[in-house]
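Structure first, then comments.
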């Protein structure tokens with residue numbers, strides 16, 4: 001195995017090929033468009049009711065105070081954060097940018113709601129506030145794509161994004177489906193031990209094998225765990241090019257990660273499986289008192305496709321991931337992890353599917 005730091009890989013490492021254009025779709029039949037509009041009207045009403053329950057009407061002064069307090073807390077957290085790793089330096093640079101964006105956002109509070117990151121008040125403050133801000137941006141970009149693309153205005157898909165957006169507005173650091181681990185007979189043991197354990201061997205040696213695409217039903221198992229990338233920060237892994245796109249937006253990037261993956265509400269966005277297996281998987285989760293969504297394969301794949309099509313830029317989640325072979329490539333929207341974190345806008349609009 002070639003042991004090369006990703007930070008030292010030359011730009012030629014990136015594959016140059018045209019990005020597919022999944023948004024240029026043929027015109028849908030009139031009945032489909034009409035059905036989509038009816039679905040969106042129903043979603044709008046439900047979203048408005050849910051938003052009223054989650055976030056009662058606040059005065060401009062109250063919203064300003066919440067954001068101002070967050071800026072103060074961020075300043076204190078930045079000042080007190082100890083730099084020990086490249087990840088610490090990266091976090092501080094992104095946090096400073098978020099702080100500046102929140103200051104710029106105050107005049108807009110008469111129009112927009114309080115950003116979700118400003119409602120968080122728990123432990124690991126700096127990391128979590130930044131994560132919520134990043135995720136709210138990604139989810140709102142996904143919602144913009146759904147609003148303009150009838151293909152994605154599926155009721156189950158809209159329900160997923162509506163729920164995730166509502167949690168982020170509350171300040172909940174909800175997991176997103178960043179990487180996937182597919183399994184066949186290992187499902188029961190994974191859920192009962194609440195752990196995806198490393199394999200002793202494989203194409204890239206030992207590790208927990210994950211992909212940036214959902215490999216369920218591609219010969220890798222009928223059940224797929226959608227994993228939040230926070231599980232992989234400061235971990236080691238060997239990356240290699242997986243299969244070509246088959247309905248996805250980008251190539252598969254496969255990684256053997258030297259870490260067991262905990263099965264928790266904060267790490268697993270959902271489990272997707274065959275439609276007929278949903279009751280069985282839910283029963284297994286209930287036995288462990290795990291509140292993790294179980295989706296059918298079609299819904300899971302659409303959600304993943306929307307995130308990929310609406311995310312202009314992703315980074316590898318760890319500085320310690322390395323390529324396995326000289327001719328392995330990153331998907332076109334994925335970049336080496338950077339200490340700058342300078343591609344984020346942090347301009348939440350409080351979007352929902354309405």
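The values are calculated or read from the model by the stated rules, or taken from the named source; none is laboratory data. In this text, all values refer to a predicted model and were calculated from it rather than measured experimentally. Note that each Cβ is placed from the backbone with ideal geometry, even for glycine, and that neighbours are counted across all protein chains shown.
Out of curiosity, is residue 234 touching a helix residue (DSSP H, G or I) at 6+ places or on another chain (Cβ under 9 Å) and either closer than 25 Å to residue 129 by Cβ or surrounded by fewer than 17 Cβ atoms within 10 Å (Cβ to Cβ) (or both)?
yes
Going residue by residue through the range 158-174, is there one that turns out to be at positive phi, touching a helix residue (DSSP H, G or I) at 6+ places or on another chain (Cβ under 7 Å) and modelled with pLDDT of 95 or more?
Looking through the range 158-174, at least one residue is at positive phi, touching a helix residue (DSSP H, G or I) at 6+ places or on another chain (Cβ under 7 Å) and modelled with pLDDT of 95 or more.
Output the number of residues of the range 313-343 satisfying the condition of being at pLDDT 75 or above and assigned to a loop (DSSP other than H, G, I, E, B).
Counting residues in the range 313-343 that are at pLDDT 75 or above and assigned to a loop (DSSP other than H, G, I, E, B) gives 20.
Taking the condition assigned by TED's automatic domain parsing to the domain that holds residue 137 and buried (at least 21 other Cβ atoms within 10 Å of the Cβ), does residue 249 pass?
No: the conditions fail for residue 249.
Just name the residue that is nearest to the chain's Cα centre (by Cα) out of those in the range 168-190 that are surrounded by fewer than 17 Cβ atoms within 10 Å (Cβ to Cβ) and part of a helix (DSSP H, G or I).
170
Can you tell me how many residues within the range 200-215 are loosely packed, with under 15 Cβ neighbours inside 10 Å and in contact (Cβ under 8 Å) with a residue 40 or more places away in the chain?
4
Those residues that are in contact with a strand residue (DSSP E or B) (Cβ under 8 Å, 6 or more places away or on another chain) and either outside the structural domain of residue 214 (by TED's automatic domain parsing) or without any contact (Cβ under 8 Å) to a residue 60 or more places away in the chain (or both), I need them from the range 274-294; list them, please.
Result: 274, 275, 277, 278, 282, 292, 294.
Among the residues of the range 127-134, is any closer than 30 Å to residue 328 by Cα, out of contact with any helix residue (DSSP H, G or I) (no Cβ under 7 Å at 6 or more places or on another chain) and surrounded by fewer than 23 Cβ atoms within 10 Å (Cβ to Cβ)?
Within the range 127-134 (the criterion being closer than 30 Å to residue 328 by Cα, out of contact with any helix residue (DSSP H, G or I) (no Cβ under 7 Å at 6 or more places or on another chain) and surrounded by fewer than 23 Cβ atoms within 10 Å (Cβ to Cβ)), the answer is yes, since at least one residue qualifies.
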